[in-house]
1. B:Val118 passes all but one of (1) within 15 Å of B:Leu167 (Cα to Cα); (2) touching a Ser or Thr at 6+ places or on another chain (Cβ under 9 Å); which number fails?
2. Go through the residues of region B:292-307 one by one and say whether even a single one is within 14 Å of chain A (Cβ to nearest Cβ), open to solvent by 40 Å² or more (accessible area, probe 1.4 Å), of a type in the set (Lys, Arg) and over 19 Å from B:Thr195 (Cα atoms).
3. Does A:Phe307 fit the bill of being in a helix (DSSP H, G or I) and farther than 26 Å from A:Leu249 by Cβ?
4. Out of A:Arg254, A:Arg243, I need the residue that is out of contact with any Phe, Trp or Tyr (no Cβ under 9 Å at 6 or more places or on another chain), touching a residue at least 40 places away in the same chain (Cβ under 8 Å) and among the basic types (Lys, Arg). Which one?
5. Checking A:Arg44 against (1) in contact with a strand residue (DSSP E or B) (Cβ under 8 Å, 6 or more places away or on another chain); (2) open to solvent by 30 Å² or more (accessible area, probe 1.4 Å); (3) at pLDDT 95 or above; (4) not hydroxyl-bearing (Ser, Thr, Tyr), which single condition isn't satisfied?
6. Regarding A:Leu84, is this residue part of a strand (DSSP E or B), within 13 Å of chain B (Cβ to nearest Cβ), crowded, with 24+ Cβ neighbours inside 10 Å and modelled with pLDDT of 95 or more?
7. When only residues in region A:111-141 that are open to solvent by 10 Å² or more (accessible area, probe 1.4 Å) and in a helix (DSSP H, G or I) count, which is farthest from the other protein chains (Cβ to nearest Cβ)?
8. Scan (1) more than 17 Å from the chain's Cα centre (by Cα); (2) in contact (Cβ under 8 Å) with a residue 60 or more places away in the chain for the single condition B:Phe316 breaks and write down its number.
2 protein chains.
Amino acid sequence: MAREISVGKMRGLMRLADPNGRFKMMAIDQRGSLNKALAGVLGREATHDEVARFKQIITRHLGRHASAVLTDPLYGMPRSGRDLPAQAGLLLAYEKTGYVTEEGGKGRNTELIEGWSVAKAVRAGADAIKLLLYYQPEAEPKAVAHQQAICRQVGEECARHDVPFLLEPMSYAVKESGTDTPEFARKKPEVVIETAREFSRPEYGVDVLKMEFPADLKYTHEYCNGVFDPKVRTPVYSLAEVRRICAQLNEAARVPWVILSAAVNIEEFLANVDLACAAGASGFLCGRAIWKEAIPRFTNPPEMERFLDTTGRINFLKCNAAAEAARPMWEHPALAGATVALDTEDWHREYPAP
Amino acid sequence: MAREISVGKMRGLMRLADPNGRFKMMAIDQRGSLNKALAGVLGREATHDEVARFKQIITRHLGRHASAVLTDPLYGMPRSGRDLPAQAGLLLAYEKTGYVTEEGGKGRNTELIEGWSVAKAVRAGADAIKLLLYYQPEAEPKAVAHQQAICRQVGEECARHDVPFLLEPMSYAVKESGTDTPEFARKKPEVVIETAREFSRPEYGVDVLKMEFPADLKYTHEYCNGVFDPKVRTPVYSLAEVRRICAQLNEAARVPWVILSAAVNIEEFLANVDLACAAGASGFLCGRAIWKEAIPRFTNPPEMERFLDTTGRINFLKCNAAAEAARPMWEHPALAGATVALDTEDWHREYPAP
């Protein structure tokens, strides 16, 4: 049976996608990792104004290619407000950058930006809320419970404001020595799929899952010999197995899902988008794979802008082209045939205020 | 000195206009007049479902040509939610249809839709709030004060939610026998200009004025001989005088303003748009002049849709072309050089929740 969708969530989801319901979204909400990278370029800590300016330039030059842009309320907004085209949707990040680990533990706890709220985000014009959530089912139960609780809390807050909730679960190594290891490459599918299954449960109120690629292409038989970076690795699966893993992820995700780029380069990300969309993803939400080469050019603005208008633009257009193979969100079982909730004569009375 | 603009109002205004800041907006929020017209076609009162369907069809076929669509939360939403393209802005009407007149008075009092609020409109995805306000400075002081108070109230509510407030003052005959009279044609410029001056005062919090054409072209020397309808009228001014009147209206309006179509036909409206834009208007918000011929075709859906995809579409494209001569809102003195308010490191803390 097709479910009902409330009008606010529906309008918000429409705003994030292209007219056919495919997500072609850009992320420029990085904070910790971006500050570090900019410090490397500047030879000192970047100021608040510099980080805000970096985001503004990226948004001004690449926002026109995006169905929506994800930014943050610390540097991205309000500075980039005029630079983001009106026809692009606006997603705002809600989590504090990084994570907190309890003493002796390995679990990563997410916190929300202090002084910020869904109410403020909506008031500032956000069409959707994004939460990055470190999640590893193998972490200590206390950490797992903390992350589930914060997700539930944000889900409720988004429901109260009738605004879409986009969740970005991020895996990490608990028992393995790091994420670029054969052990973690072997572990990743199970972690990503189990995470999608968990956060598809209606109690979390998630509308779109922003998922990691559920395997590491650099550890496939086909790509292990240095296709994407100079390092040669020991393969742990084949491309055919990765296709099956993507299909399992699609099966586990009971809401529309998009693929994220993490820090992979554009070639690897395009391969990820192809595989994810073939399996049923509804598009992408991509940051650094598109624009990371702008970072070393930040001290030379004309060169940075030239990069964004040429290679950066082409990177984006390639992602958009690949995402034409994505499943429109309106064809996902969660939304197919959905009707607008409360479409009655008394809607204006029954529809609740936040 | 350029003023500051808050980020929510700025994003909302951007959503209403085309990328250059020109308003090309469609109104389908008619209720009383539309119900009456549909009853005339159906030979009986239209049902709620029929009115909602009429608005849905108009929105589906013409929304794609609009920078924004104005509809209402009684019939227009939630029904038309999926039919309005995501890239179009959404305005929602806040006033109850019609007006109330106190016994023995001539003043028209506007009331708000019961059970509705700016909070609900924003939650449902509205980018801006519209209030139609009957206003005649010559009405009895109690009526004038009532209308000013309700405007102030809605202005405050919009400021609380950081959402643009579009005010549509509507003149009416107090001392004259009707609006289609030489007396009212002579009176109209003064009424419209004085009204624009009044509601430009910052205490009302109006962001965009939706103004009547400040004269009646059918009472000009040039157009009085039945250009726009079969009736021949006694002229009360010349086209050159009307141009001066438009310039005075532009002078009085201290916020960006757009021209409305009332019930005039498309030829007269296009002449209105040309004159208004030449004087400094930032576009139009047009309803019946574009789509009113769809009404008699409502009982024949294929014919109604054919009309909308041909003549209706062409009407809209003509208005859009005329509005290319409009002044982009960002060049209006109220917004030129405006900077985003609170663009500081502490914005996420300082920016208030509603």
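1. Unmet for B:Val118, out of (1) within 15 Å of B:Leu167 (Cα to Cα); (2) touching a Ser or Thr at 6+ places or on another chain (Cβ under 9 Å): (2).
2. Checked region B:292-307: no residue is within 14 Å of chain A (Cβ to nearest Cβ), open to solvent by 40 Å² or more (accessible area, probe 1.4 Å), of a type in the set (Lys, Arg) and over 19 Å from B:Thr195 (Cα atoms).
3. It is true that A:Phe307 is in a helix (DSSP H, G or I) and farther than 26 Å from A:Leu249 by Cβ.
4. On inspection, the qualifying residue turns out to be A:Arg254.
5. With respect to (1) in contact with a strand residue (DSSP E or B) (Cβ under 8 Å, 6 or more places away or on another chain); (2) open to solvent by 30 Å² or more (accessible area, probe 1.4 Å); (3) at pLDDT 95 or above; (4) not hydroxyl-bearing (Ser, Thr, Tyr), A:Arg44 is out only on (1).
6. no
7. A:Pro141
8. Failing condition for B:Phe316: (1).
The values are calculated or read from the model by the stated rules, or taken from the named source; none is laboratory data. Note that the structure is a prediction, hence the values are computed from the model and not measured. All Cβ positions, glycine included, derive from the backbone under ideal geometry; neighbour counts span all protein chains shown. SASA here: full protein model, heavy atoms, side chains in, ligands and nucleic acids out. Shrake-Rupley method; radii C 1.70, N 1.55, O 1.52, S 1.80 Å.
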